[in-house]
Amino acid sequence: MIEVIALDGVSGAGKSSTAKLLAKELGFCHIDSGAMYRMLTYEALRQGIRSAQHVELGKIAESLHFSFGENQEMQVNGKPLPPEIRGSEVSANVSEYCKPREVREVLAGQQRKLGLSRPSVAEGRDMATVVFPDARWKFYMTARPEVRAARRVRELQAAGHPAQYDEILQNLQERDDKDTTRELSPLRKADGAVEIDTSDLTLEGQISIIAHLVRSAS
């Protein structure tokens, strides 16, 4: 069984923050699959590639080589992930750009390679269902849309990016619809996954619950 903690769930449920701190607490690496798709989207937009250009997007995916740095954080082509991948333009486009099979197969392969290299916390939309179906621990994180939008606004503002609540809420709802209805690797709760509603939980509470369940099942 792969020594991976697979965290799936809707956008803004706290997966990234939880996964990063959970990995640190347990001494695992953090596979941020969302950052990988954001990096691809950012690079495609920078090159003027459209979401319908599947072949070109596949070539971009093949040009991005993800690895763990000395601090166990993910990097791309030997460099830290750029902060621009968290911007609103990338957020508004990432669902469309990450849909093509040419993209998902390449990046899923890289995710598996990372997960097999050392114990990891992998978070995204299809970690437990597609990428790591044999993961030792599986979780599905969710939260009310209004709560998720408020969290995302705070995150963006803290990072110095402009953010409007109504725009973020609409973006999240559209992202949910696209993620759950796409033909390839749709977002869903994996068989055997533990569902955690983070709407009324602090970040510390989320980490505590998952860490306890992981340790008790070890």
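In region 179-196, what residues are closer than 16 Å to Ala6 by Cα and of a type in the set (D, E, K, R)? Result: Arg188, Lys189, Asp191, Glu195. Under the condition of being more than 17 Å from Gly34 (Cβ to Cβ) and among the hydrophobic types (A, V, I, L, M, F, W, C), the residues counted in region 55-71 number 1. Here Gln170, Gln206 are screened, and the one residue that is closer than 13 Å to Tyr140 by Cα and out of contact with any Asp or Glu (no Cβ under 9 Å at 6 or more places or on another chain) is Gln206. Looking at Ala163, is it among the aliphatic types (A, V, I, L, M), assigned to a helix (DSSP H, G or I), open to solvent by less than 90 Å² (accessible area, probe 1.4 Å) and out of contact with any strand residue (DSSP E or B) (no Cβ under 9 Å at 6 or more places or on another chain)? In short, no. One residue stands out among those in region 120-129 that are of a type in the set (A, V, I, L, M, F, W, C) and part of a strand (DSSP E or B): the one that is farthest from Ala35 (Cα to Cα), which is Val121.
Selection of region 91-113 for residues being modelled with pLDDT of 95 or more and hydrophobic (A, V, I, L, M, F, W, C) yields Val103, Val106, Leu107, Ala108.
Looking across region 123-139, just one residue is open to solvent by 10 Å² or more (accessible area, probe 1.4 Å) and within 13 Å of the chain's Cα centre (by Cα), and that is Arg125.
On the basis of being surrounded by fewer than 16 Cβ atoms within 10 Å (Cβ to Cβ), in a loop (DSSP other than H, G, I, E, B), without any contact (Cβ under 8 Å) to a residue 24 or more places away in the chain and not polar (S, T, N, Q), does Asp177 make the cut?
no
Scanning region 201-214 for residues that are over 13 Å from Thr18 (Cα atoms) and touching a residue at least 12 places away in the same chain (Cβ under 8 Å) yields a count of 2. Restricting attention to region 141-158 and to residues that are in contact with a Leu (Cβ under 8 Å, 6 or more places away or on another chain) and not basic (Lys, Arg), the residue that is surrounded by the fewest Cβ atoms within 10 Å (Cβ to Cβ) turns out to be Glu146.
Residues in region 170-198 that are modelled with pLDDT under 95 and hydrophobic (A, V, I, L, M, F, W, C) were compared, and the one that is farthest from the chain's Cα centre (by Cα) is Leu184.
The values are calculated or read from the model by the stated rules, or taken from the named source; none is laboratory data. In this text, all values refer to a predicted model and were calculated from it rather than measured experimentally. Glycine also receives a Cβ, built like all others from the backbone with ideal geometry; neighbour counts cover every protein chain displayed. What goes into the accessible areas is simple: the full protein's heavy atoms, side chains included, and nothing from ligands, DNA or RNA. Shrake-Rupley method; radii C 1.70, N 1.55, O 1.52, S 1.80 Å.
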